[in-house]
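Rule-based calculations on the coordinates, nothing more; no lab input. Everything numeric in this text was worked out from a predicted model, so none of it was measured. We place every Cβ from the backbone using ideal geometry, glycine too, and count neighbours over all the protein chains shown.
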Amino acid sequence: MIITRTKKMEKILSSLEGTSSVYLFGCNACAEQCRTGGKAELDEMATLLKDSGFDVPGISLVDETCYNQLVKKEFRLKKSIRKSDAIVVLACGAGVKIVAENSDRAQLVIPALDTLFLASVDRHGRFFEGCSLCGECVLGETAGICPHTQCPKVLLNGPCGGAAEGMCEVNPECECAWLRIYNKLKEQGRLHLLKKISPPKDHSGSIQPRKVLLR
Ligand code: SF4
Ligand code: SF4
């Protein structure tokens, strides 16, 4: 991705007002593949910031910015991180959170990206939204196709009846998720599942903040 002086960049610069040194964090996993937070984008961001009068004392490209131990190690090894007024993070929100937790209280931590979804990766650089993290998975009854994520109306009992030639009435670029579910269940000989009325989800399963502590 070519970073230009877009609205987002203007927002980042405005958030950096009053600071003079800005450290950069990228992510060598998803953000690198999305071309939003790999080496090329970090270099580009560094140039843009320098052109805007900021000092950029360093750049970190960790394997996974959402992994606390890797970010913590970076803070330990690179003293210039803590000496910077601000840190701009070219990673998803989970990465920004980890960097912010490791930063000093007085340091600004600014997200450079807008995180859109949790992806299933087809292959390098090809992402598809797979799961909306609802906390109550129904994929076992919907042939592995998530109505919560792939039906724009989030229908648990579909289809809505608006599909035209198999395409979704809300997003005509996508096949109707419920038609796909029907076809797949038919292939599996499990069409009886469509007769079952699914009750509304119990959203207590998705209460934030979530944590999973295995140790
Ligand atoms: S039903 Fe919920 S947990 Fe399962 S894939 Fe869809 S959003 Fe994710
Ligand atoms: S056409 Fe299909 S995918 Fe689109 S809103 Fe209706 S049920 Fe959902």
Computed over region 135-199: relative contact order in percent, which uses C-alpha pairs under 8 Å that are six or more apart: 30 percent
What residue among Pro111, Pro147, Pro172 has the largest mean-square fluctuation in a Gaussian network model of the chain, using Cα springs under 10 Å? Pro172
Tell me, what is the Rg over Rh of region 123-215, with Rh the Kirkwood radius over Cα pairs? 1.01
How many angstrom separate the Cα center of region 94-109 from the Cα center of region 31-92? 12 Å
Estimated dipole of the chain in Debye, rounded to 20 [Cβ of Lys and Arg +1, of Asp and Glu -1, Cα centre]: 680 debye
If all Cα-Cα distances of region 7-111 are sorted into 10 Å bins from 0 onward, what percent lands in each bin, rounded to whole numbers? 17, 55, 28, 1
Among Tyr182, Tyr23, rank each residue by its count of other Cβ atoms within 10 Å, from fewest to most, as a rough exposure measure. Tyr182, Tyr23
At 0.890 mPa s and 25 °C, Stokes D of the chain from Kirkwood alpha-carbon radius, µm² per second: 123 µm²/s
Here the relative contact order (percent) of region 7-111, from C-alpha pairs under 8 Å and at least 6 apart, is 32 percent
